[in-house]
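What follows is one structure encoded as structure tokens, with my remarks underneath.
The values are calculated or read from the model by the stated rules, or taken from the named source; none is laboratory data. Please read all numbers here as calculations on a predicted model, not as lab measurements. As a convention, Cβ positions derive from the backbone with ideal geometry for all residues, glycine included, and neighbour counts pool all protein chains shown. All accessible areas refer to the heavy atoms of the entire protein, side chains included, with ligands and DNA or RNA removed. Shrake-Rupley method; radii C 1.70, N 1.55, O 1.52, S 1.80 Å.
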Amino acid sequence: MNLEKIAKIQKRLAKRIVEMPIDISKVRTIAAVDVSYRKNKARGAFVLCSFPSCEVLKTKTIEIEVSFPYIPTYFFLRETRPILILLKGETFDVLLVEGHGKAHPREYGLASHIGLLLGKPTIGVAKKPLHGTNKNFIKIGKAYVSVGNLINLDSAREIIELINEGGYPRPLKIADKISKGAENGRT
């Protein structure tokens, strides 16, 4: 695998990311996806919530064989497949992805990749910043928030602040727990 070539593609795709405000009053549903790993298995979780009340409307999980190794800053190569399988047939207004968007050394992380593929407003949310990135994100509670695609940082901030629970967005907290084996997102 040629990581230099992939890095150049990421930089080229980063130029296709659209940053724009969205009308928060029209957002009715917010989805979240997260993937956890155990040995050679990836377990992905999808959570659909009402917005802004964050009532859980639907959850779904998948489990598949891991098809790509973990390589820092190339996370999108590992997680795209399980996330796309999870999102097949689902509808939502905004998607939260457990991973970076523009807050990436090449300004094209997992959230940007998923947002570009889906053509939906997507927000990247991570628990820590990537080394070599000191821009393109804001910290809200314990979350590092960045643009995925078809949203700007101000709109992303407003959404995350409305669904923040104990320092992290509630839908992603639920998706994280489900991906790690808690069937209903409660521990």
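Okay, here's what the table says:
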{"read-out": "Qualifying residue in the range 108-115 (condition: out of contact with any helix residue (DSSP H, G or I) (no Cβ under 8 Å at 6 or more places or on another chain), in a helix (DSSP H, G or I) and free of Cβ contacts under 8 Å to residues at least 40 places away in the same chain)", "value": "yes"}
{"read-out": "Close pairs from the range 154-176: first free of Cβ contacts under 8 Å to residues at least 40 places away in the same chain, partner open to solvent by 30 Å² or more (accessible area, probe 1.4 Å) and among the aliphatic types (A, V, I, L, M), Cβ under 7 Å, at least 6 apart", "value": "Arg157/Ile138"}
{"read-out": "Cβ-Cβ under 6 Å pairs, at least 6 apart or on other chains, the range 9-22 side over 14 Å from Thr73 (Cβ atoms), far side surrounded by fewer than 16 Cβ atoms within 10 Å (Cβ to Cβ) and polar (S, T, N, Q)", "value": "Glu19/Asn152; Met20/Asn152; Pro21/Asn152"}
{"read-out": "Verdict on Ile83 being among the hydrophobic types (A, V, I, L, M, F, W, C), open to solvent by less than 20 Å² (accessible area, probe 1.4 Å), more than 21 Å from Glu55 (Cβ to Cβ) and assigned to a helix (DSSP H, G or I)", "value": "yes"}
{"read-out": "Index of the failed condition, Glu4 passing every other in (1) open to solvent by 20 Å² or more (accessible area, probe 1.4 Å); (2) among the acidic types (Asp, Glu); (3) in contact (Cβ under 8 Å) with a residue 12 or more places away in the chain", "value": "(3)"}
{"read-out": "Subset of the range 131-144 that is in contact (Cβ under 8 Å) with a residue 24 or more places away in the chain and in a strand (DSSP E or B) - its residue that is surrounded by the fewest Cβ atoms within 10 Å (Cβ to Cβ)", "value": "Ile140"}
{"read-out": "Odd one out for Gly148, checked against (1) open to solvent by less than 10 Å² (accessible area, probe 1.4 Å); (2) part of a helix (DSSP H, G or I); (3) in contact (Cβ under 8 Å) with a residue 40 or more places away in the chain", "value": "(2)"}
{"read-out": "Check on Val18, open to solvent by 50 Å² or more (accessible area, probe 1.4 Å), touching a Cys at 6+ places or on another chain (Cβ under 7 Å) and either β-branched (Val, Ile, Thr) or on the phi > 0 side of the Ramachandran plot (or both)", "value": "no"}
